[in-house]
Structures are given as C-alpha cells and as structure tokens.
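The block underneath contains the structure these notes are about, expressed in structure tokens.
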C-alpha cells in the first residue's frame, strides 16, 4: 500500500506514515457515529421479498419499485442471501448489521483511495481527511443505510481513473463510462457528476465516434436496468419519483425551499459549503485543466439541489459534493510549508467543532429528548439526531433491540389467506415490522402506484420530501377485495389500466401495449381536473 503510493508520488515513507493515524481517526469517528435511517427499512422490506422469491416489490403481488438505488439494493440482497442460505445466519436485526458493515467498508475504502492513491502529497491527504471527518454532511451519510457510501466509492474510483494518464485510451473511456453507468444505477441523479468529465473526453478525442461507442458499452448497466424497469414495473423511474415530482408545487416555491436547504447546511455544517466553494476557487486559481472539469460537476449538482427544493434530510445531498471538493483540494499544492497546512487543518477542525451536532463532538447519548426538537420548522431534519438513540450502532439510550421484524430472514413467508391492507404514515421501520402479509400504502404514496399519480391532499401545506397525496374514496376497499370499488369513474378506469400493468401477467402482449400507452400519456386525461374531497 505505502510502496505503491511512494512510486506514484515519490514521497518519503516517513511522510506516508503521517497519514495513517488520520485514517484511523476517521474510522473511529465513523463507527462511533454509525446509524441506520428509517428510510433504509423501505429497502429492507423489498430485499426480503426479493431474496424469498416474491419479486423486486414492496407489496407481494404488486410490481411497484420503492427503492431508488438498484445497485445498492442488489449488493445488500446478495449479502443477506449469503448470510441466510450459506451461513444460516438468521437474526431479528440481520439487515441492520449487514448494512452497517457494508457501509463502513465502502466509506473507509473511499478514504483509502483519497489518502493513499489520489492525494498529491501527505499534506493534501491529511487536509482532505480533516475536511471530510469535520463535515457533518459526509459523516452522517457515510452510514445511514442509504446508498451514499457506494456513491462515494464509485465517484472516487472515477476521479482516480480520470486523472491517470492511460495509453489504452479506449479502455479508459470504457471503464470511466462503466463507472458512470454503475453510479447512475446506484442513484440516477448522480449522473450529473459524470457528464462534464465525459463531455471533456469527447471534446478532446479525435476519434469521437469510437469514444461514443465505448461510452455506450459502459452505460449498458443503467440501460439494461431502465429497459427491465419499463418491462417489469411499467415505468422507467421508481414510484417514489412520481410521488415526489408529481406534486403541482410551483418551481418558484421549490427554489425557495432549495435556498432554505443551502442556508440550513451553512448554519449547521459550515465546513461543507465553505470547503466546496474553497475548492472551486483554488482550482480556478491554479488553472488545472483536468480538475476544472469537476467544477462543472459541482455546479450542475448544486443547481439540481436548488431546483428540486433540496431534501428533508439535512446535508444529505451535499455529501457527494464535499467528497469531490476534498479530492480537488488534496490535488492542489495550497502551500509549501507544513505549518501553513497545519493552520488550515486547525481552522477546519475549529469550524467543524463550532456546532454541537458535529460528528467530532456528538456523544453516544446524541439525540436524547424530544425528536421534534430535531425536525425544524423549515421541514428539514437532523436525521441522525432523530434516529440515533434507537438506531445508532453504539447509542447509550436504546431500550429495545435494533429495529427489525419477527418475519425477517427465513420467517419472511407470504400467506395469501392472511393478507390485509393497512394505511400508515411512514413506511420505514413500521413497514418492515408488519411483514409480507400486510399490503401497505402510505399517505406520501411512496408505495402506491395510483395515489402517487393523484393531486396532493393539500397543496398549500407540505413538507419537502413528504407530499401526502389524495386517497380516492373506495380505494382501500378495492385493495382489500380485489374488486374496483373506487367511486370516481375516471379514477376507477385509470386504476384498471394501472392494475393490469402492475398485477397482470408479466408476458401478456396486451400489458406491453398498456405500458406504452401509459408512458405516452394516453390515459392522463382521466386524472385531469380530478377533485377528491379530503
């Protein structure tokens, strides 16, 4: 490991050893703050259904995608399948521990790549590590159960490969495109990070058609998934996208909320945004052409965050951006003297410690008290504080075992005669706890294909990331009996079309035709001017 870095950077071994303690500090802080979010359990339920033969679904018998990270989903599914079937490990909280282990692995491997392979000097490596360990955005979502750790890993591999001089240019283009395709498969919107560097390659390549061919081959993972998604689910995108984007909320209102999201991050996590803008300034000042490409990536994603209104999870969307910023800073010779870097390191640590929610400061009793104190009036929440006491790996206030389900593992057995329909608030832990025999729909319509396409319950009162959609009269009875008892005739007709797609024979040619009609909007008129009395 150290020898490889010496060869690449011509750095004395004694300086390399200076980086190792900072990596260990990162690992300690990472494990101390490790946790799982409520949203992760939405994926856990689908994983149980998948590995037990019920399909890539949230509710047995209804092809609806509620997870937004297919690659992360398959990695977790594979790991849990091996635990259960090869090692016969079957435990109430198996999903929890598996997720923590995989998250820590990818997050720490990311740090390894940055510190020992990408950074241009030990000074740059240490400064990058200090920035990341001081960033609440990065540390909070280096675990959490969501796909962020895998996003970090793929993005770092991409940057590392992009910065290398490669004689076999075609091979490099293919590998870069493959990483970009896998990143999109892991989370579709992260493709924005990869567009500027891939465009840079095209512009600077004399054989552009060849490059386009290699890029197409590299993107086959996401292309195949989208085609499969269209065939299997009847849509290109997960149901959560329709629930969160089909709101009728004005773009101006969302941009205003996006500004609030930026403001929240600056106040509660100053290291993150300051480091991001510092990286932009440094790259522009040093005029490093290859590094400048990633400024485009940063700006694209910042703009995306603003336009969609940010998120309800404080700092989550900034986590891959601060990663890129730290990488860029590690590649630039900011100063020649160690004491100058030392001053920057001390400043960064001080900035990170200003707020009591910094991962460097938070105790194992973090999040004690009323969880409402961590959900702000802006609709944004400090998610780790909300859930740490119940779902933190080392939390001291937990009174019960980690959230799981009595149906988990080999007990996840669907019995049609026991099937019931239940409307709940949040899917998460509760949805996993109820097991496979309860058909769940939630007020935010993340798991229901019909409600996600209907107007909001109250368009004037919403929380970012939580958009309650209208529940048609007679719909619960419809789901319970299997007979269409929806009162509104237009909605009833639309549901018949939708039901055929998500419940009908997968290989029925008429179903394929209905999928095409649905995606071309031929049935949208049935939902126009829909008025449902709350």
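Below is a table of values for the structure above.
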quantity	calculated
Those residues of segment 263-273 which are in a helix (DSSP H, G or I) and buried (at least 17 other Cβ atoms within 10 Å of the Cβ), in sequence order	264, 265, 268, 270, 271, 272, 273
Exclusive hit being in contact with a helix residue (DSSP H, G or I) (Cβ under 7 Å, 6 or more places away or on another chain) and without any contact (Cβ under 8 Å) to a residue 40 or more places away in the chain, set 339, 374	374
Condition check for residue 446: buried (at least 16 other Cβ atoms within 10 Å of the Cβ), out of contact with any strand residue (DSSP E or B) (no Cβ under 9 Å at 6 or more places or on another chain) and part of a loop (DSSP other than H, G, I, E, B)	yes
Candidates 464, 441 - the one that is in the same structural domain as residue 498 (by TED's automatic domain parsing), within 30 Å of residue 256 (Cβ to Cβ) and under 25 Å from the mean Cα position of the chain (by Cα)	464
Some residue of segment 143-163 being in the same structural domain as residue 320 (by TED's automatic domain parsing) and without any contact (Cβ under 8 Å) to a residue 12 or more places away in the chain	no
Residues located in segment 221-239, provided they are touching a residue at least 40 places away in the same chain (Cβ under 8 Å) and over 20 Å from residue 500 (Cα atoms)	221, 222, 223, 225
Subset tally (residues that are under 33 Å from the mean Cα position of the chain (by Cα) and either part of a helix (DSSP H, G or I) or within 11 Å of residue 126 (Cα to Cα) (or both)) for segment 342-359	10
Counted residues, segment 424-443 - those being surrounded by fewer than 18 Cβ atoms within 10 Å (Cβ to Cβ), modelled with pLDDT of 95 or more and part of a strand (DSSP E or B)	0
Single condition residue 244 does not satisfy, out of (1) assigned to a loop (DSSP other than H, G, I, E, B); (2) under 30 Å from residue 515 (Cα atoms)	(1)
Residue 120, sole failed condition from (1) under 27 Å from residue 47 (Cβ atoms); (2) outside any helix (DSSP H, G or I); (3) at pLDDT below 95	(1)
Within segment 202-241, considering residues that are part of a loop (DSSP other than H, G, I, E, B) and modelled with pLDDT of 95 or more, the one nearest to residue 464 (Cα to Cα)	238
Residue within segment 59-70 that is on the phi < 0 side of the Ramachandran plot, assigned to a helix (DSSP H, G or I) and either touching a helix residue (DSSP H, G or I) at 6+ places or on another chain (Cβ under 7 Å) or surrounded by fewer than 18 Cβ atoms within 10 Å (Cβ to Cβ) (or both) present	yes
Some residue of segment 211-220 being under 25 Å from residue 148 (Cα atoms), surrounded by 17 or more Cβ atoms within 10 Å (Cβ to Cβ) and touching a residue at least 60 places away in the same chain (Cβ under 8 Å)	no
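Listed here are the residues, each with its yes/no results for (1) at pLDDT 95 or above; (2) over 26 Å from residue 157 (Cβ atoms); (3) surrounded by fewer than 20 Cβ atoms within 10 Å (Cβ to Cβ).
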{"site": "277", "(1), (2), (3)": "yes, no, yes"}
{"site": "307", "(1), (2), (3)": "yes, yes, yes"}
{"site": "315", "(1), (2), (3)": "yes, no, no"}
{"site": "319", "(1), (2), (3)": "yes, no, no"}
{"site": "325", "(1), (2), (3)": "yes, no, no"}
{"site": "328", "(1), (2), (3)": "yes, no, no"}
{"site": "348", "(1), (2), (3)": "no, no, no"}
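Every residue, every condition in (1) in a loop (DSSP other than H, G, I, E, B); (2) within 25 Å of residue 149 (Cβ to Cβ); (3) under 17 Å from the mean Cα position of the chain (by Cα), yes or no:
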residue: 307; (1), (2), (3): no, no, no
residue: 319; (1), (2), (3): no, yes, yes
residue: 324; (1), (2), (3): no, yes, yes
residue: 329; (1), (2), (3): no, yes, no
residue: 364; (1), (2), (3): yes, yes, no
residue: 387; (1), (2), (3): no, yes, no
residue: 390; (1), (2), (3): no, yes, no
residue: 402; (1), (2), (3): yes, yes, no
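The values are calculated or read from the model by the stated rules, or taken from the named source; none is laboratory data. Here the structure is a predicted model, which means the values were calculated and not measured. Note that we place each Cβ from the backbone using ideal geometry, even for glycine, and neighbour counts take in every protein chain shown.
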